[in-house]
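Only one structure is covered here, and it is reproduced in the block below.
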Amino acid sequence: MSENSPKEISESTFNNRRRFNIVVRFAAYWFKLVAQPVLAIVFVLALAWLFGYAQRNFNWFNDAATSITKTDANEDSLYACSMLCVFVKAPGRCPVCGMELQEIEVKGDPKDIFGVTIDPTARRLANIQTVAALNLPVSTEIEVLGKITYDETSESTISAYVDGRIDDLLADFTGAKVKKGEPLAILYSPDLYADQVGLLNAKKLLAESTSSNERTIASNRRLYESTRLRLVEFGLSAEQVDEIEKRGKPDSTVRIVAPISGTCVEKLVKEGDYIKTGQPIMRLADLSKVWLMLEMFPEDSRNLKLGQKVNVTIQSQVGQKFEGTIAFIAPMVNPKTNAVNVRVEVSNEAGLIRVGDFGRAKIQTQHFANQEMVIVPREAVLINGSDCIAYVETEAGRFEFRTVEVAEFMGDKISLSSGIKPGEMVVASGVFMLDSTFNIQGKVSLIDPNRAVRKDYAKLAESEEAREIEKALSILNAEDRQFAKEQVICPVMKVKLGSAGMGAPIRVDLPRRDVMICCEACRNKLIDEPEKYYAILDDYLNDSPTEEELAEIKKSFAPLSTKDRRLAEDQVICPVSEVRLGTKGMGTPIPVEVNGAVVMICCEGCREGLLKEPERNLQVLKAYHEGKNKSPASKLESDASSTDIPPMNLPHMELLK
């Protein structure tokens with residue numbers, strides 16, 4: 001076997017190195033294409049997991065909840081983020097969006113959700129100005145656009161009284177001005193010629209009558225008068241008939257004269273046309289007076305009066321002003337336009353106003369307020385849908401929220417039927433700035449004007465339900481009534497016994513124990529699966545949360561710190577709404593400091609109720625945990641008719657000092 005020559009060894013070494021370089025470049029290409037993006041994604045995910053782990057275990061980025069217990073927090077300040085998610089009494093970060101909380105200085109009593117106090121300096125900067133609410137008649141100006149039309153009372157239609165042909169049309173164009181008595185057209189009519197001949201013959205017969213018979217003379221006179229009257233009925237004037245008699249010769253043509261002075265507004269025939277009796281020839285109108293037709297809203301037209309003067313400007317007559325008079329107000333509303341037609345008569349002796357032009361009427365109206373109504377500037381009232389609010393300065397620097405009812409809009413003023421009394425000082429400038437202050441401080445405002453009464457509605461509904469239950473249980477005997485009070489709910493429908501219009505509960509005998517149901521429809525389900533409904537009833541009476549509620553509570557409590565989570569678990573319920581913390585979709589409970597103790601509430605909407613009645617709410621928590629009784633809001637009016645839930649064996653809550 002021969003040994004390789006140095007040349008062959010060199011070529012082999014070169015080929016090996018070449019193949020190695022190709023493999024390295026191929027691996028580097030695929031590393032850049034695939035491995036680098038994959039490593040970058042893995043690094044980002046690992047970093048996100050690390051931040052999440054730190055947040056869950058050490059709460060690095062959310063200290064809003066724990067910072068409430070800091071002793072150096074200003075008692076007169078609130079803290080909120082830029083999005084106004086929550087309002088707390090200590091600095092930190094927003095538990096909702098994570099933004100830094102900024103201090104909001106609160107003046108006055110924080111429990112006063114209807115008022116806020118603003119110092120003079122802040123008032124000047126916000127340009128807050130007040131005016132007195134007045135109970136006086138107000139004159140307002142209404143501006144309405146209308147269209148110029150003819151005066152219909154001065155229009156005249158010229159029609160043919162006999163058949164004939166138009167030989168000459170003297171007023172031969174639209175817009176021609178004519179005077180009363182001027183000829184408009186010359187009509188050739190054979191019928192009219194025959195009647196003229198009859199008139200002349202009757203006149204001649206009457207003149208030549210020499211008979212001494214009075215009946216013959218009277219007959220000739222009646223013939224003469226009837227032929228003369230016939231010509232008048234054919235459209236000839238008495239003067240024209242006299243002229244025919246004087247001339248003594250009939251004429252086959254007759255002049256049609258203008259009955260009024262005016263303008264030809266419509267020409268309906270032309271020379272040479274044959275016309276029939278009653279066919280219109282032209283229309284005349286007196287344009288020395290025109291109508292301005294307006295369409296007004298019913299509420300704007302109610303204060304108008306006939307004969308009232310109106311200032312009118314015409315679109316084509318710039319700088320010219322005319323005076324008109326309201327001559328007609330329609331007694332009904334046009335169903336198509338939902339407007340009231342108003343007619344204004346305008347003098348046009350100079351002929352400057354053209355029919356078909358547009359005019360603008362300015363009408364002064366008087367608004368008379370009754371004893372309960374007040375007039376305020378339009379800017380003083382903020383409107384959001386059906387909610388109308390205003391702010392009143394009850395004392396120097398203190399502004400109070402008011403819900404008002406609008407009676408009528410009057411240009412730059414507005415009439416209020418309730419909410420403000422005459423003489424009260426209403427904020428007319430800086431209203432939006434003041435409303436923002438109320439909103440930032442968590443008080444009632446335009447965004448949520450019903451915040452203060454929402455809880456009262458819940459109490460009212462609960463009270464009505466209690467009365468319904470009492471009425472339904474009163475039908476039962478004493479034993480069943482007490483049994484229903486202790487059971488509280490129907491385990492099948494999961495509603496309170498005697499409520500929801502179900503009537504008197506029904507007692508069902510079962511092997512283990514008796515059970516009350518709300519109606520007969522629940523009997524078969526209870527008998528088929530008694531153990532299932534035993535468990536539902538026991539869970540309710542023991543106040544044990546369901547699996548769905550437990551999952552919701554766990555999710556809601558997760559953002560809390562360890563200290564606040566333990567407090568929420570010990571407290572169990574919100575003292576204001578009396579629902580279990582973390583359920584009903586309320587989200588993460590909110591810690592609030594009350595009388596030196598931290599109390600958890602279910603949502604931000606309960607903050608006002610807690611601060612307004614702290615002693616009562618603390619008593620609710622105490623009574624709940626001692627299992628003695630429930631809150632007055634959910635108790636029936638008498639102990640004999642109470643539907644309270646039996647005592648629950650829950651851990652005692654210790655308020656943090």
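Taking Cα pairs under 8 Å and at least six residues apart, what relative contact order does segment 136-204 come out at, in percent?
Working: 33 pairs, mean separation 20.0, N = 69.
RCO, segment 136-204: 29 percent.
Give me the distance in nm between label points sitting 7 Å out from Cα along the Cα-to-Cβ direction at Asp273 and Ala122, one decimal.
Result: 8.1 nm between the two label points.
At a 1.4 Å probe radius, which order do Val42, Val254 fall into by accessible area, largest first? Walk me through the numbers before you get to the answer.
Numbers: Val42 85, Val254 15 Å².
Solvent-accessible surface, decreasing: Val42, Val254.
What nm value, rounded to one decimal, do you get for the distance between Ala218 and Gln102 when each label is placed 7 Å out toward the C-beta?
11.2
Less than 14 Å Cβ to Cβ from Arg19, Lys/Arg counted +1 and Asp/Glu -1: what total charge do the surrounding residues give?
Every neighbour counted, the sum reads +2.
Could you compute the FRET efficiency for Asn311 and Asp163, with r as their C-beta to C-beta distance and R0 at 45 Å, rounded to 0.05? If you can, show how the numbers build up before the last one.
Details: r = 51 Å, r/R0 = 1.14.
Efficiency, from the Cβ-Cβ distance: 0.30.
Given a Förster radius of 25 Å and the C-beta distance between Phe328 and Lys362 as r, what FRET efficiency does 1/(1 + (r/R0)^6) yield to the nearest 0.05? Working shown, then result.
Details: r = 19 Å, r/R0 = 0.74.
FRET efficiency, Phe328 to Lys362: 0.85.
How do Ser10, Ser288 rank by accessible surface area computed with a 1.4 Å probe, from largest to smallest?
Values: Ser10 70, Ser288 35 Å².
Correct descending sequence by accessible area is Ser10, Ser288.
How big is D, in µm² s⁻¹, for segment 461-527 by Stokes-Einstein at 20 °C and 1.002 mPa s if Rh is the Kirkwood radius over C-alpha pairs? Present the calculation step by step, with values, prior to reporting the outcome.
On the way: Rh = 11.9 Å.
The Stokes-Einstein estimate is 181 µm²/s.
Give the ranking of Thr588, Thr365 by solvent-accessible surface, highest area first, calculated with a 1.4 Å probe.
Working: Thr588 50, Thr365 0 Å².
Putting Thr588, Thr365 in descending order of accessible area: Thr588, Thr365.
Mean separation of Cα pairs under 8 Å and 6+ residues apart, divided by the residue count of segment 227-319: what relative contact order is that in percent? Before the final figure, lay out the partial values.
Working: 41 pairs, mean separation 17.3, N = 93.
So the answer I get is 19 percent.
For Ala207 and Arg247, FRET efficiency with R0 = 22 Å and r from the beta-carbon atoms, rounded to 0.05? Display every interim value, and only then the final one.
On the way: r = 16 Å, r/R0 = 0.71.
It comes to 0.90.
Using only alpha carbon positions, build the gyration tensor of segment 489-563, then give the equivalent ellipsoid semi-axes as the square roots of 5 times its eigenvalues, largest first, whole angstrom.
Details: eigenvalues 197, 40, 18 Å².
One finds semi-axes of 31, 14, 10 Å for segment 489-563.
Full extension from Lys321 to Glu569: what is 0.36 nm times the residue separation minus their Cα-Cα distance, to one decimal in nm?
Details: separation 248, 0.36 × 248 = 89.28 nm, distance 7.96 nm.
Using 0.36 nm per residue and subtracting the Cα-Cα distance, I get 81.3 nm.
What does the accessible area of Arg25 come to, in Å² to the nearest 10, when a probe of 1.4 Å is used?
For Arg25, the solvent-accessible surface is approximately 150 Å².
Give me the distance in nm between label points sitting 7 Å out from Cα along the Cα-to-Cβ direction at Ala521 and Arg230, one decimal.
9.2
Please report the relative contact order for segment 512-614, taking Cα pairs under 8 Å with a sequence separation of at least 6, and give it as a percent rounded to a whole number. Provide the component values of the computation, followed by the final result.
Details: 88 pairs, mean separation 18.7, N = 103.
Averaging sequence separation for qualifying contacts and normalising by length gives 18 percent for segment 512-614.
Return the whole-Å distance between the Cα centroid of segment 351-418 and the Cα centroid of segment 489-522.
56
Excluding Gly198 itself, what net charge comes from residues whose Cβ is under 10 Å from its Cβ, given Lys and Arg +1 and Asp and Glu -1? The partial results should precede the final answer.
Numbers: positive: Lys203, Arg228, Arg230; negative: Asp195.
Result for the neighbourhood of Gly198: +2.
What aspartates and glutamates could a cross-link reach from Lys622, if we take a straight Cα to Cα line under 13 Å and drop same-chain neighbours fewer than 8 places away?
Excluding near neighbours in sequence, the set is Asp570, Glu578, Glu654.
So how do 385-391, 45-51 stack up, highest first, on mean other-Cβ count within 10 Å?
Values: 385-391: 16.6, 45-51: 10.0.
Ranked by mean Cβ neighbours within 10 Å, highest first: 385-391, 45-51.
How large is the dipole of segment 321-438 about the Cα centre if only Lys and Arg carry +1 and Asp and Glu carry -1, each at its Cβ, rounded to the nearest 20 debye?
Using Cβ point charges on Lys, Arg, Asp and Glu, segment 321-438 gives about 500 debye.
Going by average Cβ neighbours within 10 Å, how do the peptides 271-277, 26-32 rank, with the highest at the top? Don't skip to the end; give the middle numbers.
Working: 271-277: 13.0, 26-32: 10.3.
Averaged packing, sorted descending, gives the order 271-277, 26-32.
I'd like the Karplus ³J(HN,Hα) series for segment 497-505: coefficients 6.51, -1.76, 1.60, θ = phi - 60°, whole numbers in Hz, and an x wherever there's a Gly or Pro.
Karplus values, whole Hz, x for Gly and Pro: 4, x, 9, 6, x, 7, x, 5, x.
Between Ala48 and Thr562, 0.36 nm times their residue separation minus their Cα-Cα distance comes to what? Mind dumping the intermediate values first?
Working: separation 514, 0.36 × 514 = 185.04 nm, distance 2.21 nm.
My answer for the length gained is 182.8 nm.
The values are calculated or read from the model by the stated rules, or taken from the named source; none is laboratory data. Treat the numbers as computed from the prediction; the structure is a model and nothing was measured. Virtual Cβ from ideal backbone geometry, glycine too; neighbours counted across all protein chains shown. Quick note on the areas: whole protein, heavy atoms, side chains included, nothing else; ligands and nucleic acids left out. Shrake-Rupley method; radii C 1.70, N 1.55, O 1.52, S 1.80 Å.
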